[in-house]
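The values are calculated or read from the model by the stated rules, or taken from the named source; none is laboratory data. Just so it is clear, the model here is predicted, and its values are computed rather than measured. Using ideal geometry, Cβ is built from the backbone for each residue, glycine included, and neighbour counts are taken over all protein chains shown.
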Amino acid sequence: MWLNKFLDVEDDIEKLRENIETNIFSNIKKKKLTPLEFTILEAIFNLKTISGYDLIRVLNEQFAKTWKASSGTVYPILSKLEKNGYLESKKVKSPIGPLKSVYSLTDAGKKLIETKVSDNFVDQLQYIENFLTELSLIYINSSEDNQKDEEAEKVNNLLKDMLSNILKRIPTNMKYPRYCPECGSKINKKGVEFCSYCGTKLLMNE
């Protein structure tokens, strides 16, 4: 949640340069990112590798009908992020149809996401907490007086369910992640025979 502002990553690049011997940032051409560009980089960071089509689906799930991602918006951003050194792409086999492009972060892109999120993590969580509180109070206070208690209870239950869902999605065991040997996508389910991103057959003893 970065509000409506550009994210300046120039200081982050300089900080990381001091700690990294090889200059992985030489291909970074743009040092300010829009909120949507940063959101796309975050999504790809967590998914490791993803096609543009699947990224659009992921973004629409994340934005939960508050904004609709489209190919006309997302693909030009992917192209720009690749041109500016944050992403790289390659063609992989699709389980159906022709070859497709899949995107992953460059080493520089990964380091910048890690640094930017780590430096702002607690503050961003506090912002989300404050935002949810304000939003909930507006919703409750907008209802009729004789319904406020009932609406407050509904909001209470919704927030409890939301926190429970978040905790379920955060893995507790990060020791042995499983990735596709062809495109590097993380395999989230056990017993999967084919990579859902590139269609590569997976070894069942992985």
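Please tell me if GLU21 is modelled with pLDDT of 90 or more and closer than 19 Å to GLU114 by Cβ. Let's see the steps before the verdict.
Numbers: modelled with pLDDT of 90 or more: no; closer than 19 Å to GLU114 by Cβ: yes.
For GLU21, the condition - modelled with pLDDT of 90 or more and closer than 19 Å to GLU114 by Cβ - is not met.
When the residues of region 147-173 are narrowed to those that are of a type in the set (Lys, Arg) and surrounded by 11 or more Cβ atoms within 10 Å (Cβ to Cβ), which ends up farthest from ASN46 (Cα to Cα)?
The extreme case among them is LYS148.
I'd like the full set of residues that are within 20 Å of the chain's Cα centre (by Cα) and β-branched (Val, Ile, Thr), limited to region 117-165.
VAL117, VAL122, ILE128
Identify, please: which residue in region 35-71 is within 14 Å of the chain's Cα centre (by Cα) and among the polar types (S, T, N, Q) and is, among those, farthest from GLN124 (Cα to Cα)?
Filtering first and then ranking leaves SER51.
Check every one of the helices (runs of 4 or more DSSP H) wholly within region 39-146 and list those with 1 or more residues that are at pLDDT 90 or above, surrounded by 11 or more Cβ atoms within 10 Å (Cβ to Cβ) and not assigned by TED's automatic domain parsing to the domain that holds PHE25. Spell out the reasoning first.
Working: elements: 52-63, 71-83, 107-141.
Per the criteria, 107-141.
Mind listing whichever residues of region 24-38 are among the hydroxyl-bearing types (Ser, Thr, Tyr) and modelled with pLDDT of 80 or more?
THR34
I need the full set of residues from region 25-73 which are basic (Lys, Arg) and touching a Gly at 6+ places or on another chain (Cβ under 9 Å), in order please. Walk me through it before giving the result.
The initial filter retains those residues of region 25-73 that are basic (Lys, Arg), namely 29-32, 48, 57, 65, 68.
Matches in region 25-73: LYS29, LYS30, LYS48.
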